[in-house]
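Participant: The structure under discussion is supplied below as C-alpha cells; questions concerning it will follow.
The values are calculated or read from the model by the stated rules, or taken from the named source; none is laboratory data. The model shown is predicted, which means the values in this text are computed figures rather than measured ones. Ideal geometry is used to build each Cβ from the backbone, glycine not excepted, and the neighbour counts take in all protein chains shown. With ligands, DNA and RNA removed, areas are computed over all heavy atoms of the protein, side chains included. Shrake-Rupley method; radii C 1.70, N 1.55, O 1.52, S 1.80 Å.
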Amino acid sequence: MIFAIAVFAPLAGSLISGLFGRWLGDRGAQAVSVILMLVAAFFGVVSGLRLLTGLVPDGYVFVGDWLHVGGFQADWSLRYDSLSAVMVMMVTVVSTLIHIYSIGYMEGDRSVPRFFAYLSLFTFAMLMLVTANDLLQLFFGWEGVGLVSYLLIGFWYDRPSANDAAIKAFIMNRIGDLGFALGIALVFFLFGSIRFDTIFADVVAQNHAVYHLFGANLHALDVIGILLFIGAMGKSAQLGLHPWLADAMEGPTPVSALIHAATMVTAGVFLMVRMSPLLEYAPVALAVVGIIGGTTAVFAATIGCAQTDIKRVIAYSTCSQLGYMFVAVSVGAYQASIFHLIMHAFFKALLFLTAGSVIHAMSGEQDMRKMGGLARLIPYTYVMMWIGGLALAGIPPLSGFFSKDAIIDASFYGRGGGYACICVELATYLTAFYTWRLIFMTFHGPRRGDAHVMAHVHESPWVMRGPLAVLAIGAVFGGGLLDHYFVGTGQRAFWNGSISTVNDPHILTSIAHVPLFIDFLPTVLGLLGIATAFVMYMLRPDLPALLAARFGFIYRLLIHKYYVDELYGAIFVRPYHALARAIWHVGDEDIIDGIPRGGALLARGSAGGLVRLQSGSLAQYAFVMLIGLVVLISVFLIFR
C-alpha cells in the first residue's frame, strides 16, 4: 500500500494544483504540490528500503482491470522489485528537491499553479513508467512523460523559441516511439503476451524464431531489440534523435533538471535494463546499442566543448553521459548502467540547479562569455558547481568516479566492447575539459558581464540553496556508499533477479581484475582534461580564440553542432513545408474549396441568366415556349 501512495501522491498534487490553483493561489498550489511530493518521497524511500533489505518480498500491487480484448489482457498493476524500488526512490527524492527549488526560481511567474501541476504530473508519469508490470503500462508512462515534457518545455508559450523547441521535442520523440510501438506489437505476436514475467520466461524457447523479410531471415529477438532501442534513442536523445535535447533548454531551469537529470532522458536506459532478459539473446541489437552509445558519448562531448550557453553545455553533457549508460547495456553490465543513471541524477541535477542559481544571479543571462569573476560574488553556488563538476568529471572519491569507472572497466572486458571502450575513454577527457571550461568561464577571470547586472549579482534564496546541499551529499557520498550493492560483491543479492545476468554473469566480477592502467586511466584523463581547461581559460585566455581561428572549420562544425539541424532542415523540414504549402494552395484552396466555389459561381451565373428572361414581355415568353417545343419534338423524332 505505501508503495502505491508513493506513486499516486504526485498525481493528487497535480490534480489539486491544476484544477484548484485559481482558488489556492501561488502559495497554496506550491504548498500542496511540495507536501504531496514529500509524502511520495517518504513512502518511496521507506517502501524501497523495506524491499531492498529483505523485510518484504518482491511482488505486485494490483490497481485494477484495464484491457480485456479477445486473447489480449492487460491489468493495471505496479511492479515491486529491486529495479523499480531503486528508480522510485531516485525519482521521488530528486523530483521533490526540484519542486522545492522551483518555489524560489518561479517566484513572480504569472502561471505558478500550472507549472507545479505540470511538474507533479510529469513525476507521476515517470513513476508509472518505472513501476510498469507490462509493456502497455510502460508505454502509457512513456507517452505521459513525452506529453508533459512538451507542456513544460513550452511553458513560456509567449516565446516562439519555446514553442518551436516543444514541438521539436514532441515530434522527434514520436519518431522514436513508432519504433517502440512496433517492438511492442512484435513482442505480443511472438510471445502472446506483453507481461514481463511471461516474456522473460519464454525467451529461451523463442531464441531461434526468425522473421522472413526482403528475402532474408532476421533473428526475431534482434529485430525486437533494435525496435525497442529506437524508442530508447528518442527518449534518451541518442545520435540521430538527439537535436531536441539542447533546444529543450527553452523551458525553465527546474524543467531542465527534471527532464535531463533524473527522469525523461533516463527512460530509454531503464527500458533497456528492464528488457535485459530478452536483450541477452539479441547480440546484434546489443552491438547496435554499443556503437550508437559510444559514438553519442564522443559526439555530444565534442559539441559541449564549443557551446557558450551554460545550460546547453550541461545538456550536451547529459546526452554524452547517456551514451555511457547504453555502452554499459551493450556489454551486459546492466547494473553499472543503472548505477551511473542514479549517480548521474544527483550530480547532473546539482549542475542544472546550480546553473539556474547563476542565471538567477545574473538576471536571466545564460551566455558564459558575459559572466566571469562570480566566485567571490556567489561563493555558495561556486562550491556547489565544483562538487557537481568533480563528480561529472569522474574524479575520486566523488560518485561519478565509481559509476563511470565501472562502465569503462566493463567495456574493456565486455563482449564487443573495444570500440565502445575507446569512445568512453575519449569522452572522459572531453567531459572534464568542457565541465571545467564552464566553471572557469563562469566563475573566474575578469567580469565580462554588463556592469549594472554585475552590481546586482547575489546568492539565490535558501529555498533554492537547500536542495543543492542535499544533491551535493548524493554527488559526494553516493558512489562510495552504493558501489558494493550496485556493482560490487553484493550486487546479486541486491538486485535479486530484477536484472538479467544470463549470458555474462562474470562481467561485474571481471572488472575487479582489469589491468592497472585501465583502472587509473579514467582518473588520469579527467585530471588531464581539467588541466587543459585551466591552461586555455586561466593561464592563456587568448588561446581559445587563436585555436578557433587556426582550426576554423572544426570550430564552426562544433559550434553549429555538426550542422545536424541544418541537414534535417534541408532533407525533411523544408521539403515538408513545400509539400504542405502545395497541398494548402492547390489541394485545399484550388480543389477542395474550388469545387464548391465554382459550383456556387455556376449557380449564380445561371440564376442571373434566368432573371434576365423574366422581362414581362408576352411575345418573348411565347418565343421561348416555341423554341422549347421545337427542341422537344426534335428529340422525340431522333430517339423514337
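Participant: Can you give the alpha-carbon Rg of the chain over 2.2 N^0.38 Å, where N counts its residues?
Facilitator: In units of the 2.2 N^0.38 Å rule of thumb, it is 1.18.
Participant: Tally up the carbon and sulfur contribution to the accessible surface of the chain as a whole percent, 1.4 Å probe, everything protein left in place.
Facilitator: Its accessible area is 71 percent carbon and sulfur atoms.
Participant: Rounded if a/c is under 1.5, else prolate if a/b beats b/c, else oblate: with a ≥ b ≥ c from the C-alpha gyration tensor eigenvalues square-rooted, which is the range 8-105?
Facilitator: It is oblate, given that a/c is not under 1.5 and a/b is not larger than b/c.
Participant: I'd like to know which of 602, 103, 392 lies farthest towards the positive end of the charge dipole of the chain, counting +1 on Cβ of Lys and Arg and -1 on Cβ of Asp and Glu.
Facilitator: The listed residue farthest towards the positive side: 602.
Participant: Rounded to the nearest 20 debye, what is the charge dipole size of the range 378-511 about its Cα centre when +1 sits on each Lys and Arg Cβ and -1 on each Asp and Glu Cβ? Present the calculation step by step, with values, prior to reporting the outcome.
Facilitator: Values: 7 positive and 7 negative charges, 45 e Å.
With Lys and Arg at +1 and Asp and Glu at -1, about 220 debye.
Participant: Taking only Cα atoms, what is the 0 to 90° angle, nearest 10, from helix 618-639's long axis to the longest principal axis of the chain?
Facilitator: 80
Participant: In the range 488-592, what chymotrypsin sites (Phe, Trp or Tyr not before Pro) fall in a loop by DSSP, with at most 14 other Cβ atoms inside 10 Å?
Facilitator: 551
Participant: Then there is this: Going down the table (168/370; 311/404; 168/348; 348/370; 168/561), which pairs top 19 Å between alpha carbons?
Facilitator: Beyond 19 Å between Cα atoms: 168/370; 311/404; 168/348; 348/370.
Participant: So how many Å³ per residue does the convex hull of the Cα atoms of the range 261-380 work out to? All intermediate terms of the calculation are to be shown ahead of the outcome.
Facilitator: Numbers: hull volume 11.1 nm³, N = 120.
It is 92 Å³ per residue.
Participant: With the cut-off at 1.5 for a/c, could you classify the range 549-612 from its C-alpha gyration tensor as rounded, prolate or oblate? Could the numbers behind the result be given before it?
Facilitator: Numbers: a/c = 11.67, a/b = 6.00, b/c = 1.94.
Judged from the Cα gyration tensor, the range 549-612 comes out prolate (a/c at least 1.5, a/b above b/c).
Participant: Which order do peptides 174-186, 88-100 fall in by mean Cβ count within 10 Å, highest first?
Facilitator: Details: 174-186: 18.2, 88-100: 26.1.
With the highest mean Cβ count within 10 Å placed first, the list reads 88-100, 174-186.
Participant: Rounding to the nearest 10 and keeping the result within 0 to 90°, find how far the Cα-based axis of helix 334-361 lies from the longest principal axis of the chain.
Facilitator: The helix 334-361 is inclined about 80 degrees to the chain.
Participant: Helix 594-613 sits at what angle to the longest principal axis of the chain, using alpha carbons and giving 0 to 90 degrees rounded to 10?
Facilitator: Helix 594-613 sits at roughly 20 degrees to that axis.
Participant: Here's another thing I want to ask about it. Charges at C-beta only: +1 for Lys and Arg, -1 for Asp and Glu. How large is the resulting dipole of the chain about its Cα centre, in Debye rounded to 20? Intermediate values should be presented prior to the final figure.
Facilitator: Numbers: 35 positive and 36 negative charges, 263 e Å.
With Lys and Arg at +1 and Asp and Glu at -1, about 1260 debye.
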